[in-house]
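First up is the structure itself, then whatever we jot down about it.
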């Protein structure tokens, strides 16, 4: 009996240190996308207020996505060619989203977008 209790406690302890499962992270990313991004963007190639995001993780590097999500205006101010092109094409500057100042939230969104691209066969 003691061995069983010890095994269960070990599993619980390990679970606490490895963090949320990838399924949980995916769910968190989806929730964050729905709350902060969906009002302007679609996961397809369809335009809404902003561009559709299908294939974005192929067209842009993770570093670029982190910078853009964190502060779109700063990227424009430094003259990033892709950022400048987006504004020319869509005639709008993406608003800064407070939640994107947090690196964890940016990671959740980027991972969710990667998962979307993979599901759609865009890699």
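Couple of notes before you dig in:
For every residue, the table says whether it meets (1) assigned to a helix (DSSP H, G or I); (2) at pLDDT below 95.
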site: 27; (1), (2): yes, yes
site: 38; (1), (2): no, no
site: 41; (1), (2): no, no
site: 48; (1), (2): no, yes
site: 64; (1), (2): yes, no
site: 83; (1), (2): yes, no
site: 100; (1), (2): yes, no
site: 109; (1), (2): yes, no
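- Among (1) in a loop (DSSP other than H, G, I, E, B); (2) out of contact with any helix residue (DSSP H, G or I) (no Cβ under 9 Å at 6 or more places or on another chain); (3) within 21 Å of residue 48 (Cβ to Cβ), the one test that residue 121 misses: (3)
- Pairs meeting the criteria (first residue in segment 62-73 and under 13 Å from residue 104 (Cα atoms), second residue at pLDDT below 95 and surrounded by 17 or more Cβ atoms within 10 Å (Cβ to Cβ), beta carbons under 8 Å, at least 6 apart or on different chains) are 69/97.
The values are calculated or read from the model by the stated rules, or taken from the named source; none is laboratory data. Keep in mind it's a predicted model, so treat the numbers as computed, not measured. Neighbour counts are summed over all protein chains in view; Cβ atoms, including those assigned to glycine, are modelled from backbone coordinates with ideal geometry.
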